[in-house]
Amino acid sequence: MNKPFVYLIGAGPGDPGLITVRGRECLERSDVVLYDYLANHQLLKSAPPHAELIYAGKVGGAHNREQGQINDLIVAKALEGKIVARLKGGDPFVFGRGGEECEALVAAGIPFEIVPGVTAGIGAAAYAGIPLTHRDVTTSVAFVTGHEHPDKENSEIDWEKLSLGSGTVVFYMGVRNLPQITANLMAHGRSPSTPVALVRWGTRPEQEVLTGTLADIGEQARKVSFKPPAITIVGEVVRLRETLRWFDNRPLSGVGVLVTRSADQAGEFTSLLKDQGATVHDCPTISIVPSEVTTELDGAIATLPSYDWLILTSVNAVNYFFQRLTASNLDSRAIGRCMVAAVGPKTAEAIRTHGIIPDLVPADYKAEGVVAALRELGMRGKKILYPQGDRARDIIRRELTTLGAEVVAPVAYRNVLPDGIPPHIMEALEKKKIQCATFTASSTVRNLAELVGENRLLHLLEGVTIAAIGPVTAASCRELGLEVHIHPEQYTLEKMTEALVTHFSG
Ligand code: SAH
């Protein structure tokens, strides 16, 4: 049996980029992850595939599991000889009951490590553009629970100390008790005109900020039914947001964008959109699966030394080629003297991870670019292996054959319709949380129509801005009855993102 070990990891306030390097490392080596409501669930992707993922969440005081049960579970899982990652929102030792969990570990004699995290008070304040201290404004900051029962006779909070002076006060879990909190501060001497900010879901794309004063924030929050989870920042520093606001006023802030590319291709577009502030809803309309028929590719792999060139045009091609190589009980050495051509920098990078430096990476990323580059090198009599997707255009095989090469082009992977649309995406569409749907290929819009039904598609996308890359994709949208509002002049993801920015800031 392996030795038990527990990592108590701060997941950071919400933006998955705000977990620490150490936190991610520990997640990557865990066998069990016990995660909270406030820990961004996207971080679970860092856990190894075999890891058991257990939700131990608490939603606004409604405990999914009681704390004692959580402690017992952590101990029990560790005693099975497992590495347990206890992933908690923000920092584990700031209102996170991490102290109690650690005590349980000590009592059970289980070794542990604590990985601090960016606590919500710090993360959400930064993303709201509010420095918690400022040389000219305030020199101290207090983190206070706002969860204490308002009718509690002997409050453990020293309201007088908090109220006097100019220190910034950050309340956690304080939304429900906001009227009592503000009343207490004013009753103990804070000026009613002290600025206050509520930051909900800080550091996430859906971050909401409400500002006011001690006198009116309670009423304002009530009017808009401001909901947890949020921190409440009280102090003069809140005024600095007017100047320092940066996160929730980006061009696509508050715009929900549907991305319909396949999961393995969406990353680049998603980060371009997120950089502009968009809330991205990933809805892959294409799944990539390995080809069931592998005889042709396996046959070619068995005779690799007879080939002059191996052409890999996508990361998928790299992955599935090497998968078959491994399945044949071979490794990169089997490629031997065969030259390797890669289309695009991502593909080249994927090839490098297998210890092979591509011999040719044409400047032009398209099939035409490879053909042009290879033509220069002379193709007559050359033997070429070109593992491809089932929907690849026939350009490479056809052109190189014309140039006198012998091209073996087995189908290595297939594009198929996914099983369905993720339920949370359906919900976002129904609740009109998506303002813009993007289509980067005809197949994306056709597949979406097939997945939800044509009529339903029109209904779901009613009032939604449609963006399409390229005239063919736009035509496919129109055929399905969709009006296309955004079509960039150049057919790249960067230009598409720019076009969205222009549209939504216009
Ligand atoms: N350990 C956590 C705090 C847990 S207490 C940390 O260090 O951040 C739960 C409270 O944290 C919530 O009620 C809310 O006040 C605050 N909180 C957590 N994540 C938040 C976020 N993304 N935005 C605003 N407040 C958040």
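The values are calculated or read from the model by the stated rules, or taken from the named source; none is laboratory data. Since the model is a prediction, treat every value here as computed from it, not as a measurement. Virtual Cβ from ideal backbone geometry, glycine too; neighbours counted across all protein chains shown. Keep in mind that these areas ignore ligands, DNA and RNA; they rest on the heavy atoms of the full protein, side chains included. Shrake-Rupley method; radii C 1.70, N 1.55, O 1.52, S 1.80 Å.
For Thr213, the residues whose modelled amide H falls within less than 5 Å of its own, excluding neighbours fewer than 5 places apart on the same chain, are Val196. When the P(r) is computed for the range 145-204, the part past 14 Å accounts for 57% of the Cα-Cα pairs.
The residues of the chain expose, per residue, 48 Å² of accessible area to a 1.4 Å probe. In a DSSP loop and with at most 12 other Cβ atoms within 10 Å, the GluC sites (Glu not before Pro) in the range 405-475 are Glu462. Considering the range 85-209, its Cα convex hull presents a mean projected area of 9.8 nm².
Other residues lying with their Cβ under 11 Å from the Cβ of Thr497 contribute a combined charge of -2, Lys and Arg counting +1, Asp and Glu -1. Placing pseudo-labels 7 Å out from each Cα toward the beta carbon at Asp390 and Arg22 gives an inter-label distance of 4.9 nm. So what's the net charge close to Gln42: Lys and Arg +1, Asp and Glu -1, counting the other residues with Cβ under 11 Å from its Cβ? Taking every Cβ under 11 Å from that of Gln42, the sum is 0.
At 37 °C and a viscosity of 0.692 mPa s, what translational diffusion coefficient does Stokes-Einstein give for the range 58-155, taking Rh as the Kirkwood radius over Cα pairs? Give it in µm²/s as a whole number. Rounded to a whole number, D works out at 204 µm²/s. Other residues lying with their Cβ under 14 Å from the Cβ of Cys26 contribute a combined charge of +2, Lys and Arg counting +1, Asp and Glu -1. Pairs over the 24 Å Cα-Cα cut-off, from the set Lys77/Lys227; Lys223/Lys431; Lys366/Lys433; Lys227/Lys432; Lys274/Lys433: Lys77/Lys227; Lys366/Lys433.
The simple spin-label model puts a point 7 Å past each Cα toward its Cβ; for His41 and Glu100 those points are separated by 2.4 nm.
Ligands, DNA and RNA left out, the accessible area of the chain computed with a 1.4 Å probe is 52% carbon and sulfur. Out of every Cα-Cα pair that the range 414-477 contains, those further apart than 14 angstrom amount to 59 percent. Taking a quarter of the surface of the Cα convex hull of the range 5-117 gives a mean projected area of 5.9 nm². Straight Cα distances below 23 angstrom link Lys161 to the lysines Lys152, with same-chain residues fewer than 8 positions distant left out. Across the range 58-189, C-alpha contacts under 8 Å between residues 6 or more apart give a mean separation that, scaled by the residue count, equals a relative contact order of 19 percent. Relative to its Kirkwood radius, the Cα radius of gyration of the chain gives an Rg/Rh of 1.05. Normalised by 2.2 N^0.38 Å, where N counts its residues, the alpha-carbon radius of gyration of the range 289-415 equals 0.94. In the range 143-261, the C-alpha radius of gyration followed by the widest Cα-Cα span (Dmax) gives 15.6, 57 angstrom.
Restricting the range 417-465 to trypsin sites (Lys or Arg not before Pro) that sit in a DSSP loop and have at most 13 other Cβ atoms within 10 Å of their own Cβ leaves Lys431, Lys432. Normalised by the number of residues in the chain, the mean separation of alpha-carbon contacts (under 8 Å, six or more apart) gives a relative contact order of 11 percent.
Estimated purely from DSSP H runs of n ≥ 4, each contributing -39500 (n - 2.57), the mean residue ellipticity at 222 nm for the chain is -10000 deg cm²/dmol once divided by its residues. Summary value for the range 289-415: 31 percent relative contact order, contacts being C-alpha pairs under 8 angstrom separated by 6+ residues.
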